[in-house]
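Visitor: Could you have a look at this structure, given as structure tokens, before my questions?
The values are calculated or read from the model by the stated rules, or taken from the named source; none is laboratory data. Note that the structure is predicted; figures quoted are calculated from it, not measured. Heads up, the Cβs are rebuilt from the backbone with ideal geometry, glycines too, and the neighbour counts pull from every protein chain shown. We work out accessible area using only protein heavy atoms, side chains counted, and drop any ligands, DNA or RNA first. Shrake-Rupley method; radii C 1.70, N 1.55, O 1.52, S 1.80 Å.
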Amino acid sequence: MSKPAMRVAVTGAAGQIGYALLFRIASGEMLGKDQPVILQLLEIPDEKAQKALQGVMMELEDCAFPLLAGMSAHSDPRTAFKDADVALLVGARPRGPGMERKDLLHVNAQIFTAQGKALNEVASRDVKVLVVGNPANTNAYIAMKSAPDLPARNFTAMLRLDHNRALSQIATKTGKAVADIEKLIVWGNHSPTMYPDTRFATIGGQSVQALVNDDAWIRDTFIPTVGKRGAAIIAARGLSSAASAANAAIDHIRDWVLGSNGKWVTMGVPSDGSYGIPEGIIYGVPVTTANGEYTRVAGLEIDAFSRERMDFTLNELLEERDGIAELLK
Ligand code: NAD
Ligand code: LMR
């Protein structure tokens with residue numbers, strides 16, 4: 001007998017990440033090849049967006065996915081998130097011409113306040129929320145603060161794309177397989193201030209730093225390449241990353257639900273106060289996952305260089321939090 005279906009809500013479902021994401025969820029790549037799913041898809045009420053969403057749903061239908069147990073289109077988060085087990089918050093307002101970073105924070109704060117409240121009202125009490133829409137960490141913080149009846153730990157932001165980017169850079173540099181790299185971390189904000197940290201990373205038991213044997217490369221090439229990769233994709237494609245972002249979202253939720261088998265992965269999660277990060281700030285940290293829960297890797301030593309980098313990305317998050325504090329009152 002097949003398992004009961006899981007309800008997966010996806011916002012921004014007619015966008016470019018949505019298009020790279022939904023078909024993979026429906027084929028079982030995110031929650032397992034034996035796990036039926038029901039897709040609850042949210043788009044803005046705008047006629048064009050809703051029509052595009054209908055088109056995506058027609059294509060989903062045309063795939064005849066055996067695991068797709070149902071799907072529905074929504075323009076109101078209170079119906080889209082009803083009983084959701086997983087919520088992928090992808091839709092966000094991009095920066096428009098003449099828009100300051102603060103304006104961007106404000107428009108998105110409104111979206112994520114409304115969506116946090118809706119999750120609070122109607123989602124499963126165990127809902128796993130992943131925020132992809134930028135600024136992802138602060139949007140996740142806003143949604144979490146707007147959902148006081150849900151456990152804070154259910155709210156996460158996507159740092160997995162940065163983690164995957166860091167893995168590939170290290171694999172290329174060392175000539176080793178991505179699959180053999182362990183214990184890589186990306187600390188902080190999903191923004192160019194993030195800190196990809198190789199200090200604990202190993203390949204086949206050997207230290208990555210020893211294998212690379214080039215501190216200047218790590219400091220001056222690796223760290224900025226990973227941090228600025230999103231901008232490099234935009235410069236090359238004329239559009240922000242979509243397939244790799246969707247892939248990272250699938251990795252994030254798959255590991256959270258099905259377990260990382262002891263591997264360290266990076267998730268943006270509300271801080272418990274450890275590593276000098278104030279409680280509640282959504283910050284990229286190393287975690288392992290098992291039985292539907294994540295556990296922070298604790299007790300890592302933080303050296304002076306790392307402290308400086310971790311504080312730099314933290315300060316940006318604190319500024320973002322202060323920028324939207326008024327809206328959360
Ligand atoms: P897109 O513009 O192609 O699609 C976004 C979709 O969201 C649009 O269809 C839009 O109508 C919809 N939308 C906007 N506001 C909404 C709302 N309130 N409710 C529901 N839907 C809404 O953008 P995209 O390329 O799919 O990217 C989506 C977001 O993901 C952007 O904010 C982008 O910056 C971000 N992103 C994050 C990462 C990451 O690693 N965290 C990586 C890549 C992109
Ligand atoms: C990325 O890292 O690819 C995106 O967050 C870039 C962006 O600004 O959308």
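Visitor: Accessible area per residue for the range 66-158 in Å², computed with a 1.4 Å probe and the full protein assembly in place, what is it?
Guide: Accessible surface, normalised per residue, equals 41 Å².
Visitor: For the range 258-329, what is the accessible area per residue in Å², given a 1.4 Å probe and the full set of protein chains?
Guide: 48 Å²
Visitor: Further, regarding this structure: Residue-wise, which Karplus ³J(HN,Hα) couplings in Hz belong to the range 36-47, taking 6.51 cos²θ - 1.76 cosθ + 1.60, θ = phi - 60°, and x for glycine or proline?
Guide: Values, residue by residue: x, 10, 10, 9, 10, 9, 10, 9, 5, x, 2, 4 Hz.
Visitor: Let me ask something else about it. Compute the distance in nm between two label points, each set 7 Å from the Cα along the Cα-to-Cβ direction, one at Val297 and one at Glu59.
Guide: Roughly 3.7 nm, to one decimal.
Visitor: With the radius of gyration and the Kirkwood radius both derived from the Cα set of the range 209-285, what is their ratio Rg to Rh?
Guide: Rg/Rh: 1.04.
Visitor: If each of Ala179 and Asp220 carries a label point 7 Å out from its Cα toward its Cβ, how far apart are those two points in nm?
Guide: Calculated label separation equals 3.6 nm.
Visitor: Okay, moving on. For a paramagnetic label modelled at 7 Å from the Cα of Lys33 toward its Cβ, which residues of the range 44-85 fall within the zone defined by backbone nitrogen distances under 17 Å?
Guide: 65-68
Visitor: Rounding to the nearest 20 debye, state how big the charge dipole of the range 242-329 is about its Cα centre with +1 on each Lys and Arg Cβ and -1 on each Asp and Glu Cβ.
Guide: For this selection, approximately 340 debye.
Visitor: Run through all the Cα pairs of the range 4-155 and give the fraction in each 5 Å bin from 0, expressed as whole percent.
Guide: For the range 4-155, the binned pair fractions read 2, 10, 20, 22, 21, 14, 7, 3, 1, 0 percent.
Visitor: What pairs from Lys82/Lys145; Lys3/Lys128; Lys173/Lys228; Lys145/Lys228; Lys102/Lys145; Lys3/Lys82 go past 22 Å between their alpha carbons?
Guide: Lys145/Lys228
Visitor: Right, here's the next one. Quick one: check the C-alpha center-to-center distance for the range 91-138 versus the range 220-268, whole angstrom.
Guide: 19 Å
Visitor: Follow-up question, since we're still on this one. Would you please give the residues with an amide H less than 5 Å from that of Met71, counting only those at least 5 places away or on a separate chain, with H modeled from the backbone geometry?
Guide: Leu39
Visitor: How many percent of the accessible area of the chain is carbon or sulfur, using a 1.4 Å probe?
Guide: It is 52 percent, rounded to a whole number.
Visitor: Okay, moving on. Normalising by the residue count of the chain, find the relative contact order in percent from Cα pairs under 8 Å and 6+ residues apart.
Guide: Relative contact order of the chain: 17 percent.
Visitor: Let me ask something additional. Just the number: Rg to Rh for the range 1-94, Cα atoms, Kirkwood Rh, two decimals.
Guide: Radius of gyration over Kirkwood radius for the range 1-94 works out to 0.95.
Visitor: Fully extended, how many nm does the chain gain between Arg237 and Glu47 (0.36 nm per residue separation, minus their Cα-Cα distance)?
Guide: So the extension gain works out to 65.7 nm.
Visitor: Considering only C-alpha atoms, what is the centroid distance from the range 143-157 to the range 34-84, in Å?
Guide: Going from one Cα centre to the other spans 23 Å.
Visitor: Considering the Cα positions of the chain, please state its Rg to one decimal place and its Dmax as a whole number of Å.
Guide: 19.2, 57
Visitor: To continue, here is another question. So for the range 157-321, considering every pair of alpha-carbon atoms, how many percent are separated by more than 25 Å?
Guide: Result: 27 percent of Cα pairs exceed 25 Å.
Visitor: Quick one: check the C-alpha center-to-center distance for the range 1-25 versus the range 292-323, whole angstrom.
Guide: The two parts, judged by their Cα centres, are 31 Å apart.
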